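Asker: Just passing along the structure, written as structure tokens.
Derivation of every value follows stated rules applied to the coordinates shown; laboratory data play no part. Just so it is clear, the model here is predicted, and its values are computed rather than measured. Here Cβ is always computed from backbone atoms with ideal geometry, including for glycine, and neighbour counts include all displayed protein chains.
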Amino acid sequence: MQQFYDLADCGAEQVDKLLATAGRLQKHPEPRALEGKVLSLLFLSPSLRTLASFQAGMARLGGNTFVISPDMSIHGLETRPGIVMDGEAAEHIREAVPVIASYGDAIGIRAFADRRNIETDIADTEYKGLGALCSTPLINMESAINHPCQSLADWKTMDDLAIPSQSGKFVLSWAYHPRALPLAVPSATVHMAAMRGMDVTVLRPDGFELPAPIMEKAKAAAARSGGSVTETDDRQQALEGAHVIYAKSWSSTRHYGDRIGDQKLRTGLEDWCIDDPWFETADRDCRFMHCLPVRRGVVVSDRVLDGPRSVVIQEAQNRMYAQMAVLYHMLGSGE
Amino acid sequence: MQQFYDLADCGAEQVDKLLATAGRLQKHPEPRALEGKVLSLLFLSPSLRTLASFQAGMARLGGNTFVISPDMSIHGLETRPGIVMDGEAAEHIREAVPVIASYGDAIGIRAFADRRNIETDIADTEYKGLGALCSTPLINMESAINHPCQSLADWKTMDDLAIPSQSGKFVLSWAYHPRALPLAVPSATVHMAAMRGMDVTVLRPDGFELPAPIMEKAKAAAARSGGSVTETDDRQQALEGAHVIYAKSWSSTRHYGDRIGDQKLRTGLEDWCIDDPWFETADRDCRFMHCLPVRRGVVVSDRVLDGPRSVVIQEAQNRMYAQMAVLYHMLGSGE
Amino acid sequence: MQQFYDLADCGAEQVDKLLATAGRLQKHPEPRALEGKVLSLLFLSPSLRTLASFQAGMARLGGNTFVISPDMSIHGLETRPGIVMDGEAAEHIREAVPVIASYGDAIGIRAFADRRNIETDIADTEYKGLGALCSTPLINMESAINHPCQSLADWKTMDDLAIPSQSGKFVLSWAYHPRALPLAVPSATVHMAAMRGMDVTVLRPDGFELPAPIMEKAKAAAARSGGSVTETDDRQQALEGAHVIYAKSWSSTRHYGDRIGDQKLRTGLEDWCIDDPWFETADRDCRFMHCLPVRRGVVVSDRVLDGPRSVVIQEAQNRMYAQMAVLYHMLGSGE
């Protein structure tokens, strides 16, 4: 595997192989599989689970990691091309990124959307530019529009819990949040559930539609897998018979990058907080999923999050096993 | 060993075993003992020795670690229960702690007292709440009222130096410090020395008594070990024949959590700085101990700290070997 | 090898051995060579390449590292001798440094010049004081006046590229920079190139002479190796036939530590930015070198840095292999 940028690049067969490896490594550790291998981790955006799970996962395979993030005492990093660097920044990413990549056998990069332009964010232009600077295999630790590690972990979590794939009903629900959040997780999630063959409903208030290219990509995946993808603001209809309610807040695409416009649009939507009543007409084994971090009492109620439906800790734990599988196939002796 | 929260939980036999393992690992490295094992390290309070010695110790056993601390570029952590998270914090410890724990085979947590309530700090309520969130074995890297890693290291240091246990005289002396410091180290230390069978004197000015439950616990340990525990403000009497002067500043228990009241009480106590004259009537081989960090010229004079009596560097180095023993018994193939 | 403080301490034979080991480890990994070994890394000054490459290099040899830097949530470090510590700093380097060193089998320390006094900076007094506090072998990760890891990596880079040593022409050129930078890299570089037997020209504007003791040391190395060392402000003459243009900015030695005086002296020197015309009379295979980080459009033009002459990424990558060789000889089973 030369890179792990998007689950869509893998194809169903490769995903099956990754999930099988993840499950095997969870049961049967291979503490020397990646002996002497090094993973570079570059965080241009904040992290907790990703930071911890990549270090832990690499260590469980006998490899090692190092972490670079701008909150360290490093020289400020310049990102703009063609600039005369007579200001604060002492280093350009055009040097920093290839150098950091060169010390590892693979590199993980996290860089959120700057939300200046929705088209370039959907195209992931900036992230792909960073990737192009690396001479080693790249792992997407969350870009402007994608988060394949989260998706693979969520897929594994649903498999672990025997949540049906064909004819399984997956509801990705928008939730209230005081801030406008990136599109990466909802975009990756709708595609993942569609690729898994599920009947996916994107439930969101008016104005919070997912971007058209994202929906089209998910529908194409559903066409191949035998699933379906629809979008609605009708909570009643969406939740009926659901096997999974996957909560996530995201910014308005109508007011993308416009904090004030987005804020106005979300005023009055505070009742988009997943609570017990949301599960009334759902499947009796319906699970609550979220990628974390999650705001209690805002995105989801305490009783749902602390209750038996919630599988958020398992999702987070599966981040480690999913990523170990990626590292195993990328850096191990196998293909 | 399922947890290492308090030396008192171990019993004398377990402590003997840990000290024997620590000594053995110091002489005969076992660089594959914990191959593929991962230790999660969560620092909610600052650290230098603990941060470094756990990473180094785990590495010497062939295992690995990862570190999470709030000064990293992670989302702020909320600790209050039942709160609606519409402020700054984006993640609650109820998710963060179990997730971090889930990536490791054991977890070390450091969280100092918030000093809002002396009863709950003595009961270590908040720390125990954190521990209850973890599904893996817990190591106490310093809580509101305990610091068993420091105690085990100090015990080993006294053994290494052949300082007598039965009939050895151990003086835990309060020292001046510009700030009100936690009770964890003095509480752990008085208990450790009592458990080792020493005659322990807590020397402190009026108003700086250790809490009654801490003294009772130490006296109970002394009753079992053949040692004794007394408390005095009479420097002359306390220091006579001492084999160890262990310096430490701590906050007033009378004005606990009251910065102004505590400050008033310590005004004029600047001569509680351990200096050469303190050793005049002590045993001629009397040692100076301190857990570090220590303020030179405030807690102890340069000439004592730089002189032959001082064993503070050995204490710090023994932190690593003591913790390696804990990790070895917690995560190794033995019991 | 008991320490790696200065390439000059090694002698030509030892450098040859280090370069041979670096090349061998690059081609034939030895992922168990330093099993169970720990390297302490103490950064009192900022770092990216050094931070990453030491962690990666140690991991590739099967060893491990831990990092301490003051931007972590540690107690502030006091450096002044004999001070009464009643201010902010809670720990003195006289304790912190030996403790950190004691957890590792070797220690790397980085501490830039404070530029209060050029004589003590050239003598590296403060750095040597730090080193004297360590009981383990010391690696200089850049001091006030030296950077042997960079020099060894640069030497290897020139060997890799078959840049001639005897009769090879090496130009160390001052470059404009908005701030007054340390003397460590230029001082180490002029000596390294001289030790390699090259004809070295230090090209710099009036007032930016390298200190006399540095030039004398380089000339002595050249006398042993068959090279030469000269200094000039004549760009035309210096660049003719050059095999390497090594760019670096440094502070004026005439106005050392005097920000205003140095600033005045560099006003109008903005054309000391290495660009294509600099290579017109150089050897046709002339390379551009720089230790990074580098300011684009200020120290060097984009077209030179992005062009085929630039080997800055290779230099950075060779940092890792050079340091692996040092670690291998310092901590491995060989001598």
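Asker: For the range A:27-157, compute the orientation-averaged projected area of the C-alpha convex hull (one quarter of its surface), in nm².
Answerer: Numbers: hull surface 36.8 nm².
For the range A:27-157, the mean projected area of the Cα convex hull comes to 9.2 nm².
Asker: Once the principal axes of the Cα atoms of the range C:162-310 are found, what is the range along each, listed largest first in whole angstroms?
Answerer: That gives 41, 36, 25 Å along the principal axes, largest extent first.
Asker: Still on this structure: Hey, if you drop one equal point scatterer on each alpha-carbon of the range B:51-123 and run the Debye formula without solvent, what base-10 log of I(q)/I(0) do you get at q = 0.23 Å⁻¹?
Answerer: -1.18
Asker: How many nanometers, to one decimal and shortest first, lie between the label point of A:H28 and those of its other copies, if labels sit 7 Å from Cα toward Cβ?
Answerer: Label-point distances to the other copies, shortest first: 3.3, 3.3 nm.
Asker: Let me ask you something else. Among A:D233, A:D306, which comes first, then next, by fewest other beta-carbon atoms within 10 Å?
Answerer: A:D306, A:D233
Asker: Now, a different point. In whole Å, what three semi-axes, largest first, describe the equivalent ellipsoid of chain C built from its Cα gyration tensor (square root of 5 times each eigenvalue)?
Answerer: After scaling each eigenvalue by five and taking roots: 32, 25, 17 Å.
Asker: I would also like to ask the following. Taking the Cα centre of chain B as origin and charging only Cβ (+1 Lys, Arg; -1 Asp, Glu), how large is the dipole, in debye to the nearest 20?
Answerer: The dipole of chain B has a size of about 480 debye.
Asker: Hey, another quick one. Would you look at the GNM of chain A, springs on alpha carbons closer than 10 Å, and say which of A:H255, A:H191, A:H147 moves the most?
Answerer: Of A:H255, A:H191, A:H147, the most mobile in the Gaussian network model is A:H255.
Asker: If you take the charge dipole of the range C:1-135 about its Cα centre, with +1 on Lys and Arg Cβ and -1 on Asp and Glu Cβ, which of C:V67, C:A8, C:A20 is farthest toward its positive end?
Answerer: Going by the charge dipole, the pick is C:A20.
Asker: Let me ask something else about it. Calculated FRET efficiency, C:D234 and A:A20, Cβ-Cβ r, R0 56 Å, to nearest 0.05?
Answerer: 0.25
Asker: If you place +1 on the Cβ of every Lys and Arg and -1 on the Cβ of every Asp and Glu, how big does the dipole about the Cα centre of the range A:162-310 come out, in debye to the nearest 20?
Answerer: It works out to roughly 520 debye.
Asker: Moving on. With springs only between Cα atoms under 10 Å apart, run a GNM on chain B and tell me which of B:P211, B:P293, B:P164 wobbles the most.
Answerer: Comparing B:P211, B:P293, B:P164 in a Gaussian network model of chain B, the most mobile one is B:P293.
Asker: Which FRET efficiency value, to the nearest 0.05, is calculated for B:H329 and B:A223 with the Förster distance at 25 angstrom and r the Cβ-Cβ distance?
Answerer: FRET efficiency, B:H329 to B:A223: 0.40.
Asker: Could you name the lysines in cross-link range of B:K37, using Cα to Cα under 27 Å and dropping any fewer than eight places away on the same chain?
Answerer: Correct list for B:K37: A:K17, A:K27, A:K37, A:K156, B:K17, B:K27, B:K128, B:K156, C:K37.
Asker: Further, regarding this structure: Which ordering of A:R80, C:R94, B:R287, B:R60 is given by a fewest-first count of other beta-carbon atoms within 10 Å? Show your work: numbers first, answer last.
Answerer: Working: A:R80 10, C:R94 19, B:R287 23, B:R60 27.
Going from sparsest to densest Cβ surroundings: A:R80, C:R94, B:R287, B:R60.
Asker: I would also like to ask the following. Taking the Cβ of B:A194 as the centre, find all other residues whose Cβ is under 10 Å away and add up their charges (Lys, Arg: +1; Asp, Glu: -1).
Answerer: +3
Asker: Rank C:T125, C:T267, C:T65 by mean-square fluctuation in a GNM of chain C with C-alpha springs under 10 angstrom and give only the top-ranked residue.
Answerer: In this elastic network of chain C, the residue with the biggest mean-square fluctuation among C:T125, C:T267, C:T65 is C:T267.
Asker: Quick one: label points 7 angstrom along Cα→Cβ at B:Q237, distances to the other copies in nm, smallest first?
Answerer: 8.6, 8.6
Asker: Cα to Cα, under 17 Å, and not fewer than 8 places away if on the same chain: which lysines meet these conditions relative to C:K219?
Answerer: Straight-distance partners of C:K219: C:K169.
Asker: Using label points projected 7 Å from each Cα along Cα→Cβ, tell me how many nm separate A:R303 and A:R32, to one decimal.
Answerer: Distance between label points: 5.5 nm.
Asker: Here's another thing I want to ask about it. Please report how far the C-alpha centroid of the range B:148-187 lies from that of the range B:1-39, rounded to the nearest whole angstrom.
Answerer: Taking the Cα centre of the range B:1-39 as reference, the centre of the range B:148-187 is 20 Å away.
Asker: Express in % the proportion of alpha carbon pairs of the protein assembly as shown at distances exceeding 58 Å.
Answerer: Cα-Cα pairs of the protein assembly as shown separated by over 58 Å account for 16 percent.
Asker: What number comes out for the charge environment of B:V38, summing +1 per Lys or Arg and -1 per Asp or Glu over other residues with Cβ under 9 Å away?
Answerer: Taking every other residue near B:V38 into account, the sum is +1.
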